Amino acid sequence: MNFPDYFADAEAGFNIANFVIFGVPYGKTSSFRYGAEKAPKAIRQASWNFETYDIRTGIDLKDIQIHDYGNLDVDNIGSKEMVEKVTDFTSPVLKENKFPIVIGGEHSITPGVIKAFPKDSAVLFLDAHMDYRKSYENDVYNHACTVRRVTDHIAVKNIAVLGVRSAEKKEFYDAEESDLFYKDSFSIRKNGISETIEETKRYLKNKKIYLTLDIDVIDPAYAPGASTPEPFGLTPFDVLEIIEAFSSQLIGFDVVEVCPAYDHGETSLLAAKLIRSLIGAVWKK
Ligand code: MN
Ligand code: MN
């Protein structure tokens, strides 16, 4: 079955839209499972499963102006060029005061989006991995280096990472030494998601926040179609709570690392639903 190739309910023109969705189908730096470049299509298809109305929040996406630009052409370019292309696309979207929603692709796309934001913005990472390597497989733009690349533009003190449970030893000690604010999934389970959110809020203060969701932060039981799945993850409810708790501060969002070849559709469905929930939550604020 084939549904239209745009995100459901994203039928507004660019000029009147409050939210601009675009895909960055890039998968060239993957290190375990390949195929994240197929995710924008799979997530858009999955989005047609849902009602426009949300019984819990009372929000109807039909009342919100959402534009789906389609995908950037990143087929045959290296990671550095891709990152630059993403920045070049995001900048005018921000200039027009629109809220960008980016569908990856792997996590290597995120530094390109963030570079278009002011340097005093904050960034909230949801990720199973620390992504703090200086370089990986001879590529500083590799998806294993995403948090580190973001620190080229955003001060470490304005970055928080939630849900971590995997890092290389040196990478881990580097992060500790840099005083990177992170909460691992074990401490989140122990202290509860509400306490974690409160602590993170105190840390990021009232800053404007860009939220990046590496789908592998969610447990593989809920999100098996991830490029580098890691057990002992957060639940979809945890992520929804995080989105709603920060919604009044959010200035942009991406969801990355969905790998449709390893999915039976549930991961793409979850990604599409979280995008829809985020749009509703941000719009309401
Ligand atoms: Mn990541
Ligand atoms: Mn990850």
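A compact table of results
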{"read-out": "Among GLY104, SER247, CYS145 - extreme Cα towards positive end, dipole of the chain, charges at beta-carbon", "value": "SER247"}
{"read-out": "For the stretch 260-273, 3J(HN,Hα) per residue [Karplus equation, 6.51 cos²θ - 1.76 cosθ + 1.60, θ = phi - 60°, Hz, x = Gly/Pro]", "value": "x, 5, 10, 10, 9, x, 6, 6, 5, 4, 5, 4, 5, 5"}
{"read-out": "In nm, spacing of pseudo-spin labels at VAL140 and LYS205 (7 Å Cα→C-beta vector)", "value": "2.9 nm"}
{"read-out": "Under 5 Å, built H, 5+ apart or other chain: amide partners of ALA226", "value": "CYS259"}
{"read-out": "Between the stretch 82-127 and the stretch 188-206, the alpha-carbon center distance in angstrom", "value": "24 Å"}
{"read-out": "Largest-first principal axis extents of the Cα set of the stretch 49-93 (Å)", "value": "44, 24, 15"}
{"read-out": "Solution diffusion estimate, µm²/s, Stokes-Einstein, the chain, Kirkwood Rh from C-alpha pairs, 4 °C, viscosity 1.567 mPa s", "value": "70 µm²/s"}
{"read-out": "Lys/Arg +1, Asp/Glu -1 at C-beta; the chain dipole; positive extreme among GLY225, ILE197, GLY27", "value": "ILE197"}
{"read-out": "Sulfur and carbon atoms: percent of accessible area, the chain [1.4 Å]", "value": "50 percent"}
{"read-out": "Note, ³J(HN,Hα) from phi for the stretch 35-44, Karplus 6.51, -1.76, 1.60, rounded to Hz, x at Gly and Pro", "value": "x, 4, 5, 7, 5, x, 5, 5, 5, 4"}
{"read-out": "Difference of contour (0.36 nm per residue) and Cα-Cα distance, PHE186 to LYS284", "value": "32.1 nm"}
{"read-out": "Residue-wise HN-Hα coupling along the stretch 253-259, computed from phi with Karplus coefficients 6.51, -1.76, 1.60 (Hz; x: Gly, Pro)", "value": "8, 9, 10, 10, 6, 6, 10"}
{"read-out": "Summed residue charge, Cβ within 10 Å of ALA155's Cβ, Lys/Arg positive, Asp/Glu negative", "value": "+1"}
{"read-out": "Dipole magnitude of the chain about its Cα centre (Cβ charges: Lys, Arg +1; Asp, Glu -1), debye to nearest 20", "value": "600 debye"}
{"read-out": "Å² per residue, accessible surface of the stretch 105-147 at 1.4 Å", "value": "30 Å²"}
{"read-out": "Net charge dipole size for the stretch 96-203 [Lys, Arg +1 and Asp, Glu -1 on Cβ; Debye, nearest 20]", "value": "160 debye"}
{"read-out": "Net charge of Cβ neighbours under 10 Å - reference ASP5; Lys, Arg +1; Asp, Glu -1", "value": "+1"}
{"read-out": "Extended-chain gain in nm, criterion 0.36 nm per residue less alpha-carbon gap, LYS119 and GLU168", "value": "14.8 nm"}
{"read-out": "Leading residue at positive end of dipole, the stretch 1-159 (Cβ point charges), from VAL156, PHE50, THR87", "value": "VAL156"}
{"read-out": "Descending semi-axes in Å of the stretch 1-142, equivalent ellipsoid built from Cα gyration tensor", "value": "27, 18, 15"}
{"read-out": "Average silhouette area of the stretch 155-285, convex hull of alpha-carbon atoms, in square nanometres", "value": "7.9 nm²"}
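The values are calculated or read from the model by the stated rules, or taken from the named source; none is laboratory data. Here the structure is a predicted model, which is why all the values come from computation and not from measurement. Note that each Cβ is placed from the backbone with ideal geometry, even for glycine, and that neighbours are counted across all protein chains shown. Keep in mind that these areas ignore ligands, DNA and RNA; they rest on the heavy atoms of the full protein, side chains included. Shrake-Rupley method; radii C 1.70, N 1.55, O 1.52, S 1.80 Å.
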